[in-house]
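What follows is a set of notes on a single structure, which appears directly below.
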Amino acid sequence: MSAAVVSARAALGPLGTYLPVPVTGLPPVAAQIGAARRLEAAGYRAAWTNETVGGKDTLVQVATLLAATDRLVLGTGIANVWARAPQTAHAAAAFLTEAYLGRIVLGLGAGHPVQAEAVGREYGRPLAVLRDYVRRMDAPTMPPAPDAAYARILAAQGPRLTALAAEIADGALPAMRPPGATARARAALGPDKLLVVAIAALTDPEPDRARVAADELYGGLVADPAYGALLVDLGLDPADPSTRDAVVAHGDPEAFAAAVEAHRRAGADHVVLLGRPGDDLDEELRRLERLAPELVSS
């Protein structure tokens, strides 16, 4: 097991959450800093940020939030490979690791064809793109400090990307899969890799509204034939409400705690709550704070 994996497991702990992102646009920097501080105060060990192309640079965002918090680990879920050169990604992650004592985990992903097109690149095959990107990350023009090792994980929704993560990275980051898929990912990675699992978590405390939102989100997932086939292959019935509940956490704090524990038992090192974007940053933060006493102590 690499030193980077050992360090990341200890730093991340069992639970984190994505930094809430309103659908109306990126919040002001001051609001993002306030959100990170509130999550840290609530007891969350880690906050994760996303990136498309344009809009923001997730590594600049991470650097800003690291400077504004005391202990919070920042993960990129994911840093888009089309947004920066691989040598630049490596240099930035190593610099932040040295500056902030291992409080960063670098998640990488190939995103979508439209993001490659936005920077004048051809999307190609994600496996080949990621393999080449990681290879180039390991050839910096100026080697980083010896103590700047960080965990590097790949967004991996299927078996081929998971196998690639096991081969060339420190672990994998699948998203919105049931616990059975987490167990498969752990078996493919082996015991010495980092497995971070992002789960759909609709934090609305109003039960009927949360159930409707869960139906809507789940319906969008199973509309993809490949996703439905995955559920069937795991022995689940896509039409059964219990399958929806295994994929989309919603309800009372105990339901969220049970969802996190199910993925932990299946082999996840760290579970990340992935909420549905809303219109009110403060409201989503209040919901996460409401859940924290049940979750961060579980």
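The values are calculated or read from the model by the stated rules, or taken from the named source; none is laboratory data. This is a predicted model, so every value here is computed, not measured. FYI the Cβ positions are ideal-geometry reconstructions off the backbone, even for glycines, and counts take in every protein chain you see. These area figures cover heavy atoms from the full protein model, side chains too; ligands, DNA and RNA do not enter into them. Shrake-Rupley method; radii C 1.70, N 1.55, O 1.52, S 1.80 Å.
Worth pointing out:
- Residues of the range 31-50 that turn out to be of a type in the set (S, T, N, Q) and either assigned to a helix (DSSP H, G or I) or surrounded by fewer than 19 Cβ atoms within 10 Å (Cβ to Cβ) (or both), as a count: 1
- When each of Val105, Val53, Val5, Val60 is tested for being part of a loop (DSSP other than H, G, I, E, B), under 18 Å from the mean Cα position of the chain (by Cα) and over 17 Å from Gly275 (Cα atoms), the lone residue that passes is Val53.
- Exactly one residue out of Ile168, Ile153 is surrounded by fewer than 21 Cβ atoms within 10 Å (Cβ to Cβ) and of a type in the set (Val, Ile, Thr), and it is Ile168.
- Residues located in the range 97-108, provided they are among the aliphatic types (A, V, I, L, M) and open to solvent by less than 50 Å² (accessible area, probe 1.4 Å): Ile104, Val105, Leu106, Leu108
- Among the residues listed as Leu15, Leu19, Leu26, the single one being in contact with a Lys or Arg (Cβ under 7 Å, 6 or more places away or on another chain) and open to solvent by less than 20 Å² (accessible area, probe 1.4 Å): Leu15
- Cβ pairs under 9 Å, 6+ apart, first in the range 230-246 and farther than 20 Å from Glu261 by Cα, second open to solvent by less than 70 Å² (accessible area, probe 1.4 Å) and of a type in the set (Ser, Thr, Tyr): Asp237/Thr243; Pro238/Tyr218; Pro238/Tyr227
- Across the range 109-125, the qualifying residues are those that are surrounded by 14 or more Cβ atoms within 10 Å (Cβ to Cβ) and touching a helix residue (DSSP H, G or I) at 6+ places or on another chain (Cβ under 7 Å), and the one among them that is modelled with the highest pLDDT is Ala110.
- Near pairs, Cβ below 9 angstrom, 6+ apart or cross-chain, from the range 51-70 (open to solvent by less than 30 Å² (accessible area, probe 1.4 Å)) to any residue that is among the polar types (S, T, N, Q) and in a helix (DSSP H, G or I): Glu51/Thr58; Glu51/Gln61; Leu59/Thr88; Gln61/Gln32; Leu65/Gln32; Ala68/Gln32
- Summed over the range 265-286, residues that are open to solvent by less than 40 Å² (accessible area, probe 1.4 Å) and not small (Gly, Ala, Ser) total 8.
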